[in-house]
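Colleague: Here it is: the structure, laid out below.
The values are calculated or read from the model by the stated rules, or taken from the named source; none is laboratory data. Since the model is a prediction, treat every value here as computed from it, not as a measurement. Here the Cβ is made from the backbone with ideal geometry for all residues, glycine too, and neighbour counts use every protein chain on show.
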């Protein structure tokens, strides 16, 4: 499910628009631009037919107009159509946006006003936020947690009539990360590359078409650390260091932090069976069997706590805190040495 604000979700907005229920104003804001783009594009396409857009769709940018310009455009009447749409992009830069409160006292009933505010949010303590919520829709698109990405992938593919193996889902999430626009783009590439009559994507197909190295990726790094395979870990770290375009330290740290955090949680599982641990940490059973339980046999709870602390330290160093010379590859080498020894 999309990030939500005060019970308003992406899905709820879509359902209402499909039913022909348009709000006078939609203020779409947040750190995750994917849903802001999707909601605004959906509203525009639902509100206007293609032949109505030439005269009834006004697109402007917050860097180029003021709130008064937007209000004047919103007060116009549609031409040979039931409604008009005024679409303001980069609304975070709109000067005088607090003046929109005056417009919302008597909004034009034949206008759908959409404002897209990316990489931030409207101050919810201000009068404008309350006025928007009272009159229309104030939607916040929040970044998904890493644990939510597999659900996004499977839901996205399901809507397209395609399924994906569990291992392939994890590989895609780890490789692409939490940028939903990029993630959706990579999934679309995989769908287009599927042979005719095929509707299931496996790990080997992902490796081939997304460019993930079969042997050198975060998925394999975790597996090698679980097995304490020093040679394989060092080979992967060297590959990352030698191929910086295929390596993101932040992504690798996020993957390792997520994994060892789950191992730490597993120690507190009320029932230490495969099913009990999987249910407790909210991970697929196959992943618990393949990595989590073996890691619990190789790493004590105290060591796992120390590893999590070391990952946090490397994350800080990667951002310049207490580090002026170490490269991302060197930081990963230091981290993996600490984990293994």
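Colleague: If only one of 275, 313, 330 is surrounded by fewer than 16 Cβ atoms within 10 Å (Cβ to Cβ), over 25 Å from residue 169 (Cβ atoms) and in the same structural domain as residue 223 (by TED's automatic domain parsing), which one is it?
Modeller: On inspection, the qualifying residue turns out to be 330.
Colleague: Shifting gears a bit: Hey, could you check the stretch 221-244 for residues that are farther than 17 Å from residue 331 by Cα and touching a helix residue (DSSP H, G or I) at 6+ places or on another chain (Cβ under 6 Å) and say which is surrounded by the fewest Cβ atoms within 10 Å (Cβ to Cβ)?
Modeller: Here the answer is 228.
Colleague: Out of 241, 234, which single residue is at pLDDT below 90 and within 21 Å of residue 338 (Cβ to Cβ)?
Modeller: It is 241.
Colleague: Return the residue satisfying two criteria in turn: it lies in the stretch 278-303 and is farther than 30 Å from residue 154 by Cα and free of Cβ contacts under 8 Å to residues at least 60 places away in the same chain, and of such residues it is surrounded by the most Cβ atoms within 10 Å (Cβ to Cβ).
Modeller: 299
Colleague: Filter the helices (runs of 4 or more DSSP H) completely within the stretch 8-114 down to those with at least 1 residues that are closer than 30 Å to residue 155 by Cα.
Modeller: Working: elements: 10-18, 33-47, 53-56, 67-74, 100-105.
Correct list: 10-18, 33-47.
Colleague: List the helices (runs of 4 or more DSSP H) that sit entirely inside the stretch 116-195 and contain at least 1 residues that are modelled with pLDDT of 90 or more and in contact with a helix residue (DSSP H, G or I) (Cβ under 7 Å, 6 or more places away or on another chain).
Modeller: It comes to 127-135, 149-159, 180-193.
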